[in-house]
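Enquirer: This is the structure I want to talk about, given as structure tokens.
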Amino acid sequence: MGYDIIVLGGGPAGLAAAVAARGRGKTVLVIGNPWRDSPLAKAERVDNYLGLPGRTGAELVGTFRAHAEELGADFLTGRALSVMAWNGFMVTVGSQVCDGQALILAPGVVRQAKYPGESEFLGRGVSYCATCDGMLYRGKPVAVVGRSKDAPLEANYLHGIGCQVTYVSAREPEGLDRAIPWVKANKLAVKGTQTVTALEADGADLPCAGVFILREAVAPADLLPGLETEGGFIKVDRAMATNLPGVFAAGDCTGLPLQAAKAVGEGHVAALSACEYLDKRKEA
Ligand SMILES: Cc1cc2nc3c(=O)[nH]c(=O)nc-3n(C[C@H](O)[C@H](O)[C@H](O)COP(=O)(O)OP(=O)(O)OC[C@H]3O[C@@H](n4cnc5c(N)ncnc54)[C@H](O)[C@@H]3O)c2cc1C
């Protein structure tokens, strides 16, 4: 089903956006990792959220989520892996594709730094999506860098379609197919010439044609080509509009301060701007 608005990220900014957009009668799909993964849900006590002092972070996010659910927002739990602007927006979540006419980015901040060579070889051997790109590497050696809970399952998938998988992570993975070799390593770098030729893992080269880097979050500019960023944050105007038509952003992803109240306010504004954008398009 196509939605008026797709919200990427189910933290305070995304949930506030969902509430505001439902208030304007728009259909909304919130795509996000499990809500308990929002950083706020990990806060033992939040004292600076207006009117609700002394709650745990989990209580606050749970309340925000219930509010959005009550107003009729739909939810899809999973990691968005790529966004394509085509007659609206197509968002890939695992093997599913969801489409919406406007997009609100509220993915928080990516807390894991990129590896040397990662950006340089993105699309030339580096991938963030096993389902999307796995077939390209059938019969070839690939390294899977496991930084998310579901990474072993994605490695199993690649193994199942015929890739020669080596799994690389700092900790022993749970649920990895026993046929897949595991390399314990911390310090990684992607190497290559025109395309990827190896993953360097703690000083030793693992020859491979592809490197799947599987984190809980994907940096917004990697999700959506052409999105303008500044100092690692998404560049927005006061309407929370980005440089791309129909794309709005809110919360930690737009910059400091990284606080829930700011995220909620921006989510609200982004949703109203997205609604205005949709209404104007309908009139035109
Ligand atoms: C321990 C701790 C304590 C804190 N205490 C306070 C406090 O007391 N007061 C305060 O105001 N702030 C506090 N903060 C900061 C607050 O948590 C953030 O400012 C707030 O959560 C930002 O909301 P957000 O919606 O922008 O992003 P987030 O809450 O980060 O939500 C974004 C969500 O999107 C998900 N996501 C990202 N990429 C994808 C993708 N590609 N596909 C699917 N899902 C994706 C993320 O996993 C996350 O669940 C604290 C933070 C931490 C870590």
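The values are calculated or read from the model by the stated rules, or taken from the named source; none is laboratory data. Because the structure is predicted, anything quoted here is derived from the model rather than measured. Ideal geometry is used to build each Cβ from the backbone, glycine not excepted, and the neighbour counts take in all protein chains shown. Keep in mind that these areas ignore ligands, DNA and RNA; they rest on the heavy atoms of the full protein, side chains included. Shrake-Rupley method; radii C 1.70, N 1.55, O 1.52, S 1.80 Å.
Enquirer: Helix-only mean residue ellipticity at 222 nm, the chain, DSSP H runs n ≥ 4 weighted -39,500 (n - 2.57), per residue, nearest 500. What is it?
Expert: Working: 6 runs with 68 residues, N = 284.
Helix contribution divided over all residues of the chain: -7500 deg cm²/dmol.
Enquirer: R0 = 45 Å: FRET efficiency of Asp237 with Asp177, Cβ-based, nearest 0.05? Please report the intermediate quantities before stating the final value.
Expert: Numbers: r = 48 Å, r/R0 = 1.06.
Once the sixth-power term is evaluated, E becomes 0.40.
Enquirer: Around Glu172, with a cut-off of 13 angstrom between Cβ atoms, what is the net charge of the other residues, counting Lys and Arg +1 and Asp and Glu -1?
Expert: On the way: positive: Arg171, Arg178, Lys184; negative: Glu174.
That works out to +2.
Enquirer: In segment 57-121, which chymotrypsin sites (Phe, Trp or Tyr not before Pro) are in a loop and have at most 10 other Cβ atoms within 10 Å, using DSSP for the loop call? Please list the in-between numbers first.
Expert: Values: sites: Phe64, Phe75, Trp86, Phe89, Phe121; in loops: Trp86, Phe121.
Within segment 57-121, the qualifying chymotrypsin sites (Phe, Trp or Tyr not before Pro) (loop, at most 10 other Cβ atoms within 10 Å) are Trp86.
Enquirer: If you build the convex hull over the alpha carbons only and average its shadow over all orientations, what do you get for segment 1-105? Give it in nm² to one decimal. Working shown, then result.
Expert: Numbers: hull surface 26.2 nm².
Taking the Cα atoms of segment 1-105, their convex hull projects to 6.5 nm² on average.
Enquirer: Could you provide, to the nearest whole Å², the per residue accessible area of segment 22-76 with probe 1.4 Å? List each step's numbers first, then the result.
Expert: Values: 3120 Å² over 55 residues.
Each residue of segment 22-76 exposes 57 Å² on average to a 1.4 Å probe.
Enquirer: Just Glu216, Glu174, Glu118 to compare: in a GNM of the chain, with alpha carbon springs under 10 Å, which one fluctuates most?
Expert: Glu174
Enquirer: Check cross-link reach from Lys140 to the aspartates and glutamates: straight Cα distance under 20 Å, and skip same-chain residues fewer than eight apart.
Expert: Glu118, Glu154, Asp177, Glu200, Asp205
Enquirer: Let me ask something else. I'd like the isolated cysteines in the chain, meaning no second cysteine's beta-carbon lies under 4.7 angstrom from theirs.
Expert: Flagged as lacking a Cys partner: Cys98, Cys163, Cys208, Cys253, Cys275.
Enquirer: Cut-off under 25 Å on the C-alpha distance; same-chain residues fewer than 8 positions from Lys282 excluded. Which lysines are left, in chain and number order?
Expert: Excluding near neighbours in sequence, the set is Lys26.
Enquirer: I'd like the distance between the alpha-carbon centres of segment 48-64 and segment 186-257, rounded to an integer number of Å.
Expert: 30
Enquirer: What share of the DSSP beta bridges in the chain is antiparallel, in percent to the nearest 5?
Expert: Numbers: 23 of 57 bridges.
DSSP beta bridges in the chain are roughly 40 percent antiparallel.
Enquirer: If DNA, RNA and ligands are ignored and the probe is 1.4 Å, what is the ranking of Met90, Met84, Met240 by accessible area, most exposed first? Don't skip to the end; give the middle numbers.
Expert: On the way: Met90 50, Met84 105, Met240 15 Å².
Descending accessible area places them as Met84, Met90, Met240.
Enquirer: May I ask you to give the percent of accessible area on the chain that is carbon plus sulfur, with a probe radius of 1.4 Å? Could you put the intermediate results ahead of the total?
Expert: Numbers: 7240 of 13760 Å².
The nonpolar share, carbon plus sulfur, comes to 53 percent.
Enquirer: If we count every other residue with Cβ under 14 angstrom of Tyr137's Cβ, Lys/Arg +1 and Asp/Glu -1, where does the sum land?
Expert: Details: positive: Arg124, Arg138, Lys140; negative: Asp133, Glu154.
Once positives and negatives cancel, what remains is +1.
Enquirer: What does the charge count around Arg79 come to, taking other residues whose C-beta lies under 14 Å from its C-beta (Lys +1, Arg +1, Asp -1, Glu -1)? The partial results should precede the final answer.
Expert: Values: positive: Arg147, Lys149, Arg215; negative: Asp37, Asp150, Glu154, Glu216, Asp222.
That works out to -2.
Enquirer: Sticking with the crude label model, points 7 Å out along Cα→Cβ, report the distance from Leu258 to Val97 in nm, one decimal please.
Expert: Each label point is offset 7 Å from its Cα along the Cβ direction, giving 3.4 nm.
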